[in-house]
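Q: Right, I'll just put the structure down here and ask away after.
The values are calculated or read from the model by the stated rules, or taken from the named source; none is laboratory data. If you're wondering where the values come from, they're calculated on a predicted model, not measured in any experiment. No Cβ is skipped: glycine too gets one built from the backbone with ideal geometry, and neighbour counts run over all protein chains shown. These accessible areas exclude ligands, DNA and RNA; they are computed on the full protein's heavy atoms, side chains included. Shrake-Rupley method; radii C 1.70, N 1.55, O 1.52, S 1.80 Å.
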Amino acid sequence: MRLPLCIIGWAMPCALLFSSAYGELQTFSEPIDALSIGLHGQAAHAQVSAMEHGHWTPWKTLEIDNETEPDSTHTELLLFDAPVTTVRIRVAAAQYTLYPLQISQEPPSYEVAALNPAGKPNIYSRRQWGADEELLIDDEKPQEEDANFSEYATNGNGESSAREQQCLQWQKDYPAEFAVERTQETDAQGRTYRWPQGYSADVKVLVVHHTAMKVTGDTRTGHERMRALYQYHTESRGWGDIGYHYVIDETGQIFEGRAGGQYVIGGHVYCSNTGTLGISLMGNFDEERPTQSQAKALQWLLKTLADDYGINLSQKTTFHGISMYPVIGHRNLVATACPGYYLYEVLSQIRTNAAAGNTDSPVRFPSLTRKVVTDTIERISVTGPTITAVGSTDISGLPGGQTRISLLYRPGNVAGKRGNRVADVVRSNPRIGIWQNTGDREIRVRSELILPRNVNKGETLIFTLRLQLPRDPGTYTLQVGDVRYSLTATGRRTRVTETLPLPQTDQPAVRPQESIVRPRPTVTSAAEDSDPTESTTSIRIRLGYEGDTATLSSTRGLVLEGDTTSRTSLELRKDGTQCAAYDGSRLLRRGTLRIDSRDDVTIISSWQKNTNRFRGVIECRVIDGALALINEVPMEDYMAGLAEEPDTEAFEKQRAFAIAARSYATHYTESANRKFPGMPYDGDDSPARFQMYGGVVFEEKNPAWVRAVRDTAGVVLLKDGQVVKAAYFSSDDGRTRSPEENGWRGFPFAEVFASKPDPWCSGMPLHGHGVGMSGCGAKGQAQEGKTAEEILQYYYPGTILGKR
């Protein structure tokens, strides 16, 4: 593989603009279309966000793609919706390397329909979709093993992993299945190929894949994605060519993949490239269904290839000692989720249609009233919630290594509510790490798996969990509900590289043609297996509701103290020193009461104002003789409901205020910093005393603010390991005020808040206390192109960004 430079094929320097615990900002002198990342150390994933059309895209998690090379630390490919020049990177690794790609914008050599006049699919040749054949030529000998010959690889330490040991055993037991009949080392002009083209003596199995790149909502064309995949496999991964023999897009257009013609060996499945052909469908079929056009094109292609290679699709064959039909999914040969749940479940149907010549027959994808039992494709009716494994339950890897597992959840005849427990999680060793994505962030799984969103009855949901093996070699077990995983940690433990100090904003830019290898910025001290994206903080806000009675309602039903009895409204009354809940005239419960909603939104319908809808729990109690309603809500949902920065403001200003407001609120959730000492809440919804909080209504009116909150999830200002009480205000007359000027004695970290020039506010009146960050100054700096991180560094010097 060629040295992974920031410039691959063109003179395109890139530079580190700003680095913080929140992420690193990278810029490229020419637009790039796609990106993958080489990770170092023990990181299993990276996160990327790009500046598109003046806005940051949501963070996209890129997992390590090691299904073809067991010891790979290279992530999957991210294709941007449009060319970009600026990206943000979050990597929990000591070092990483960027592999940017630039796709040719030339149209295909000529346009053809996916179907020819006879109604049969056309196959775009490499020339037609625009393959750059110069990439096949060896002008610099690769330094990394090709996927063609990864059958013979070890784990890089001279030792074989469990998967590699299996491969070595297959080579010993079935040598004929690994025999290369001939090898072509040069092209027609006598130029040496980067990787010689090997040829199989026979083809026995057709392996179906998905690209794992979601196409729903993607604005890129099929030939653009094809060019990106080709460069990713050929250049970034160093495989000398695209790994697949054929690729099918969502319109049913078939693209020729691997060069070399019939019987050429691809690079699509570890230890099983010889004697197989790889066909990949564009999409991520754990999250979306293939189109009928794709399914029909696949059926036609399977029938055509079977005829060409003399394969009987109705008769089982033996491959590596395993009896199987000749059409299989990637997961049948390797522990992987590929080709995704929705495609894998219909492969038998597709094979049967192809074998019968019914290539135009529609495919019935899994209905929402069925479930899958591990790999057996057994179908049974569902009456209650179930969770089952998708893929193998035997997991192996290096000690401390990370991988992914997938489970299928079906709520059955009862809808599942966001936050509900799905399954108990039991580990044989506490050092087994598990993380799940909740939609806006990734959290550590402790003793239970929870629903990240509401799931209607009869619906289906795929959980993809990140799993970390213990750092000590051995055999372990993991139980998720009724699913039992066998975990094997074997091989040499990877060394953990010490993190380096946080780079400063005046760090020089990377020189042209220099590799992008960056130290991971220090976030906060944490346990060895902690996760930097985890956030479990909640906040308790006393609402300004007044009155001795209150009526709560919910469209889908309220839950009183865990009682799931269906009711859409409750009346709360002050009853002496307690709160009492009534359903009509019937007393339900008395005391300190906690109520939440099945649809995650509770309405205080007796509060005659539009900001009366809240997420989380409403707690009713009597405080100082008055009925009090307290909203206990996850910190990030609370942040989304703040009215600090409406969508009329610049996005970078919103991001800066999101971090400052979160810091201020988090400061007061700590026991040593109580805003209201002795009270059972952290703050209230009054901007004069705490922060202006309006719940769901503010979320709905200000989607850009919500995006700024999600974009900075969990990030706070820190100094000496403590959360900074990040004061902020509206405007000043050209300079900020110090805490001392305001009479604030003993203000924590007062040196951070020393008076400083604020020229963006010159000529304005002083509105607010004048301490910390000004709204007018943040706006002015954002309009000058400053990032939120730069704005915060100006107003809160000496602090760092971190997670709490």
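Q: Which of the lysines could a cross-linker bridge to residue 574, judged by Cα under 28 Å and excluding same-chain residues fewer than eight apart?
A: Cα-Cα hits under 28 Å: 609, 675.
Q: Can you give the FRET efficiency to the nearest 0.05 for residue 670 and residue 81, using r as the Cβ-Cβ distance and R₀ = 45 Å? Provide the component values of the computation, followed by the final result.
A: Details: r = 41 Å, r/R0 = 0.91.
Efficiency for this residue pair is about 0.65.
Q: Can you tell me the accessible area per residue over the range 631-759, all protein chains present, probe 1.4 angstrom, in square angstrom? Please report the intermediate quantities before stating the final value.
A: Numbers: 4530 Å² over 129 residues.
On a per-residue basis, 35 Å².
Q: Give 296/316; 214/303; 719/756; 417/719; 701/786 a once-over and call out the pairs whose C-alpha atoms are over 28 Å from each other.
A: Values: 296/316 22 Å; 214/303 26 Å; 719/756 19 Å; 417/719 39 Å; 701/786 25 Å.
Over 28 Å Cα-Cα: 417/719.
Q: Roughly speaking, what is the centre-to-centre gap between the range 753-803 and the range 286-346 when only Cα atoms are used, to the nearest Å?
A: Between the Cα centres of the range 753-803 and the range 286-346 lies a distance of 59 Å.
Q: To continue, here is another question. For the range 698-747, which GluC sites (Glu not before Pro) pass both filters: DSSP loop (anything but H, G, I, E, B) and at most 16 other C-beta atoms within 10 Å? Write out the running numbers ahead of the final one.
A: On the way: sites: 699, 700, 740, 741; in loops: 740, 741.
The qualifying sites are 740, 741.
Q: What ranking do 250-257, 481-488, 339-346 get when scored by the average of other Cβ atoms within 10 Å per residue, highest first?
A: Numbers: 250-257: 21.9, 481-488: 16.6, 339-346: 24.4.
Going by the mean number of other Cβ atoms within 10 Å, highest first, we get 339-346, 250-257, 481-488.
Q: What is the Cα centroid distance between the range 602-621 and the range 658-715, reported in whole angstrom?
A: Using only Cα atoms, the two centres lie 17 Å from each other.
Q: Within the accessible area of the range 200-327, what % is carbon and sulfur when the probe is 1.4 Å and the other protein chains stay in place?
A: On the way: 1510 of 3440 Å².
Roughly 44 percent, rounded to a whole number.
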